[in-house]
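Quick notes on the structure that follows.
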Amino acid sequence: MTTNAQTPNSVQGRVVIVTGAARGLGRDYARMFAIDGAKVGLADVNSEAVTTAAREIAADVPGSDVVGLTVDVTDADSIAAMVAGVVERWGTVDVLINNAGIWGDLEPAPLSATKPSYFDLVLAVNLRGPLLCTQAVLEPMRKQGWGRIINISSMGAYMPSGVYGVSKLGLNQMTYALATELGTNGITVNAVAPGPIDNEATRSQLPEAAFQKMISGTAMKRMGNSQDLYGMIRYLATTEADWVTGQTFLVNGGYNSRM
Ligand SMILES: NC(=O)c1ccc[n+]([C@@H]2O[C@H](COP(=O)([O-])OP(=O)(O)OC[C@H]3O[C@@H](n4cnc5c(N)ncnc54)[C@H](O)[C@@H]3O)[C@@H](O)[C@H]2O)c1
């Protein structure tokens, strides 16, 4: 018996917001949700790129219902406007994918040398951002007694990786705390912690030697991709996962962070 009139393993017709969807993993998740029949709001601080991403998905996926939305996840007013836009268009929010994140590219300094301004910026985007976005979708989720918050964490939470790792381990803790608070509203909160992913961001930020080291650190001897991650994210968004909450799922090809 499911708690919602929905095929247990389906996201058909669900209203999904994916933050950080202008490029990379977020854009791929948005496309896969659209292919699976969800209504998808692609949200990103990069207005032009997210509009293009939404337009491309709409053109490529027959019958899809997607929209590009501008949001800065560090700004509560901007988040409120984004959620209001989605509710106005589709009446509710069923699933929030907190994917927007920054890592490494701006100031790849060790934690002991990290400037306070950079520390604050990474935490504002990677940790406070998911909290503010979660707070903003609670009203429609509570109203319907069902909702899904899926936080995109990282293997960086389990290895020394500067302020990025600090933010992602904090996100795992926040996942558990919010799940505990929201469970009786029918809202689940889980995190997915990807291992090394072969995409634009990784290619541009990792030297070849580091790339190869990551491959050898996996049991599968390959980098992952967005499809490897989507299966877990999609599962968590369905009613099949109604009793799964507060967890962080490592999807990492068996990556051993001690290597
Ligand atoms: N790529 C990997 O190997 C990997 C591994 C583990 C975890 N992750 C996590 O997955 C997520 C996506 O990673 P990616 O590789 O696709 O990154 P990416 O850099 O390609 O994309 C991140 C997106 O977030 C957006 N963004 C940044 N700041 C924002 C803000 N303030 N408000 C709204 N949007 C903002 C960017 O504009 C960009 O479109 C991140 O949370 C990252 O930490 C990635």
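A compact table of results
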| quantity | calculated |
| --- | --- |
| All positions within the range 129-158 that are farther than 15 Å from Thr188 by Cα and within 12 Å of the chain's Cα centre (by Cα) | Gly129, Ser153, Ser154 |
| Among residues of the range 217-227, those that are closer than 17 Å to Ala21 by Cα and either of a type in the set (Lys, Arg) or buried (at least 18 other Cβ atoms within 10 Å of the Cβ) (or both), counted | 1 |
| Test: Thr175 is in contact (Cβ under 8 Å) with a residue 12 or more places away in the chain, more than 26 Å from Phe33 (Cα to Cα) and away from the ligand (no atom under 11 Å from the Cβ) | no |
| Candidate set: the range 137-153, residues that are out of contact with any Ser or Thr (no Cβ under 8 Å at 6 or more places or on another chain) and crowded, with 24+ Cβ neighbours inside 10 Å; chosen: the one nearest to Ala237 (Cα to Cα) | Ile150 |
| Residue that is farthest from Leu250 (Cα to Cα) [pool: residues in the range 185-201 that are more than 9 Å from the ligand (Cβ to nearest atom) and surrounded by fewer than 19 Cβ atoms within 10 Å (Cβ to Cβ)] | Asn185 |
| Close pairs from the range 214-233: first more than 16 Å from Ala30 (Cβ to Cβ) and at pLDDT 95 or above, partner part of a helix (DSSP H, G or I) and of a type in the set (A, V, I, L, M), Cβ under 9 Å, at least 6 apart | Lys221/Ile215; Arg222/Ile215; Met223/Met214; Met223/Ile215 |
| Residue match in the range 202-222 (condition: near the ligand (Cβ under 9 Å from one of its atoms) and over 24 Å from Pro110 (Cα atoms)) | no |
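Listed here are the residues, each with its yes/no results for (1) in contact (Cβ under 8 Å) with a residue 24 or more places away in the chain; (2) under 21 Å from Leu229 (Cα atoms); (3) acidic (Asp, Glu).
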{"site": "Pro110", "(1), (2), (3)": "yes, no, no"}
{"site": "Lys115", "(1), (2), (3)": "no, no, no"}
{"site": "Asn126", "(1), (2), (3)": "yes, yes, no"}
{"site": "Lys143", "(1), (2), (3)": "yes, no, no"}
{"site": "Arg148", "(1), (2), (3)": "yes, yes, no"}
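The values are calculated or read from the model by the stated rules, or taken from the named source; none is laboratory data. Just so it is clear, the model here is predicted, and its values are computed rather than measured. Virtual Cβ from ideal backbone geometry, glycine too; neighbours counted across all protein chains shown.
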